[in-house]
1. By its C-alpha gyration tensor, with a ≥ b ≥ c as the square roots of the eigenvalues, how is region 1-148 shaped: rounded for a/c under 1.5, else prolate for a/b larger than b/c, else oblate?
2. Rounded to the nearest 20 debye, what is the charge dipole size of region 83-156 about its Cα centre when +1 sits on each Lys and Arg Cβ and -1 on each Asp and Glu Cβ?
3. With a length cut of 20 Å (Cα positions projected on each helix's long axis) and a Kyte-Doolittle mean of at least -1.0, go through the chain and give me the DSSP H helices that pass.
4. Give me the accessible area per residue for the chain, probe 1.4 Å, as a whole number in Å².
5. Under 11 Å from the Cβ of residue 222, count the other residues' Cβ atoms, weight Lys and Arg +1, Asp and Glu -1, and hand me the total.
6. For the chain, what does the helix formula give at 222 nm: sum of -39500 (n - 2.57) over DSSP H segments with n ≥ 4, over the residue count, nearest 500 deg cm²/dmol?
7. Under a 1.4 angstrom probe, counting protein chains only, how are 14, 86 ranked by accessible area, largest first?
8. Take the alpha carbon gyration tensor of the chain, find the square roots of its eigenvalues, order them as a ≥ b ≥ c, and report rounded if a/c is under 1.5; if not, report prolate when a/b exceeds b/c, else oblate.
Amino acid sequence: MAGPRKLIAGNWKMNILAAEGQALAGAVGNYAASAGPLDCDLLVCPPATILHAVAEQLSDSPVAVGGQNCHAEPSGAFTGEISAAMLADVGATAVILGHSERRHGLGETDAMVQAKVSAVLNANLIAIVCIGETEAERDAGQTLAVLRNQLDGSLPSAASTEGMEELTEVNTVVAYEPVWAIGTGRTPTEAEIAVAHNHIRACLEKRIGSAADQIRLLYGGSMKPDNAASILLIDNVDGGLIGGASLNADDFCAIAAAAVS
Ligand code: PGA
């Protein structure tokens with residue numbers, strides 16, 4: 001069976017004010033409109049403050065818009081937080097969850113990520129669930145165990161009674177992002193990426209059977225125009241989660257152009 005259509009997702013992180021966002025979204029939208037039929041799906045994840053404006057701007061474009069995080073509860077007394085339904089309300093169709101900057105910088109645990117994934121799936125949005133080992137874990141030979149534990153702990157429990165949050169190939173994306181590769185200019189070798197992605201696929205298959213073949217597995221961590229084509233050719237790499245290079249329209253579009261499904 002052919003692999004899933006590739007997804008190139010831009011994570012703008014805590015960057016970009018309204019005017020810059022308009023220019024960046026406009027340039028990505030123009031690329032999508034003028035590049036002919038795209039060979040991949042495109043997603044940009046701006047900060048929540050400009051998500052609505054970016055979604056409006058891209059409403060006639062094939063470029064989808066997503067959030068970078070949400071709260072696990074649908075509403076309530078959670079000052080400063082944003083729910084999945086709120087992101088959906090302003091035009092998001094996906095949400096990045098469990099990014100390493102939240103796990104390692106803000107103390108987000110697997111259990112917290114799992115609750116957020118359920119919230120996102122219950123809001124009928126796509127959950128992009130990030131996992132990845134630290135450099136110390138890689139050096140200690142623990143990479144595959146860490147990935148398996150994070151997957152087990154962060155994806156909704158198969159035994160959950162809440163019903164809506166069953167994993168399916170359409171509502172779940174997993175991003176493999178080695179912590180030490182994020183924003184550093186360093187990447188694993190192609191062989192190391194292949195080992196990690198094959199392992200993630202096997203873990204998902206164990207859990208949901210052959211439907212796992214269609215879950216998109218993104219690579220993230222210093223993906224740039226000059227390494228994108230070779231990374232995107234690796235088996236079981238179904239796209240990229242792009243940080244720094246997504247802030248430059250030319251770079252992001254060059255990565256998109258390298259994604260052939
Ligand atoms: P980077 O970030 O592309 O700047 O390494 C990737 C990410 O954090 O998702």
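1. Cα axes put region 1-148 in the oblate bin.
2. Numbers: 5 positive and 9 negative charges, 38 e Å.
For this selection, approximately 180 debye.
3. On the way: long enough: 18-34 (24 Å, 0.40); 190-208 (27 Å, -0.11).
The qualifying helices are 18-34, 190-208.
4. 43
5. 0
6. On the way: 10 runs with 107 residues, N = 261.
For the chain, the value works out to -12500 deg cm²/dmol.
7. Largest accessible area first, the list is 14, 86.
8. Values: a/c = 1.41, a/b = 1.08, b/c = 1.30.
Note, shape of the chain comes out rounded.
The values are calculated or read from the model by the stated rules, or taken from the named source; none is laboratory data. Given the structure is predicted, the values throughout are model-derived calculations rather than measurements. Note that each Cβ is placed from the backbone with ideal geometry, even for glycine, and that neighbours are counted across all protein chains shown. In case anyone asks, the SASA skips ligands and DNA or RNA and just uses the protein heavy atoms, side chains included. Shrake-Rupley method; radii C 1.70, N 1.55, O 1.52, S 1.80 Å.
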